[in-house]
């Protein structure tokens with residue numbers, strides 16, 4: 001199913017709200033996205049036609065299983081891009097999040113899969129040869145160093161010289 005970037009933002013927002021709110025209303029979405037209620041109403045009708053949500057005028061908005069699955073895919077793509085931007089490229093978290101939201105619309109499923117595979121390889125914690133503890137600051141620093149070294153090693157293997165990480 002092909003949906004617009006605007007529709008992606010709506011379904012993602014509805015999904016996020018469904019995790020924290022008992023009932024979701026047009027007003028909630030409008031506040032979260034900082035847009036007008038009439039804009040939300042138009043989008044809601046379109047999402048309902050795509051069977052991503054269930055909605056009756058002036059009623060509660062409920063996300064369908066199909067809508068949840070799509071929202072989770074959207075969030076996963078954003079997360080992969082954000083991890084790449086912050087962890088690999090060293091971009092500040094707020095800027096990386098902003099750019100990941102924009103970039104997710106521009107990459108294909110295949111590119112996303114390759115990027116995810118690359119990140120998993122770099123961030124693999126099972127071959128650190130230590131007793132990694134995610135709650136230990138020393139371990140977090142060690143992991144950053146290990147990832148940085150893996151990136152440098154990979155760049156050297158590809159013949160990319162002088163890159164700073």
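The values are calculated or read from the model by the stated rules, or taken from the named source; none is laboratory data. Please read all numbers here as calculations on a predicted model, not as lab measurements. Glycine gets a Cβ as well: all are built from the backbone with ideal geometry, and neighbour counts include every protein chain shown.
Pull up the stretch 38-53, narrow it to residues that are touching a helix residue (DSSP H, G or I) at 6+ places or on another chain (Cβ under 7 Å) and surrounded by 14 or more Cβ atoms within 10 Å (Cβ to Cβ), then point me to the one that is farthest from residue 23 (Cα to Cα).
46
Taking the conditions exactly as written (under 17 Å from residue 3 (Cβ atoms) and either surrounded by fewer than 16 Cβ atoms within 10 Å (Cβ to Cβ) or in contact (Cβ under 8 Å) with a residue 40 or more places away in the chain (or both)), does residue 15 satisfy them or not?
yes
Can you tell me which residues in the stretch 22-31 are crowded, with 16+ Cβ neighbours inside 10 Å and touching a helix residue (DSSP H, G or I) at 6+ places or on another chain (Cβ under 8 Å)?
Listed by number, the residues that qualify are 24, 26, 28, 29, 30.
Spot the failing condition for residue 88; the list is (1) under 24 Å from residue 20 (Cα atoms); (2) more than 14 Å from the chain's Cα centre (by Cα), and only one is missed.
(1)
Somewhere in the stretch 27-38, is a residue under 16 Å from the mean Cα position of the chain (by Cα) and either farther than 21 Å from residue 122 by Cα or in the same structural domain as residue 149 (by TED's automatic domain parsing) (or both)?
No: zero hits.
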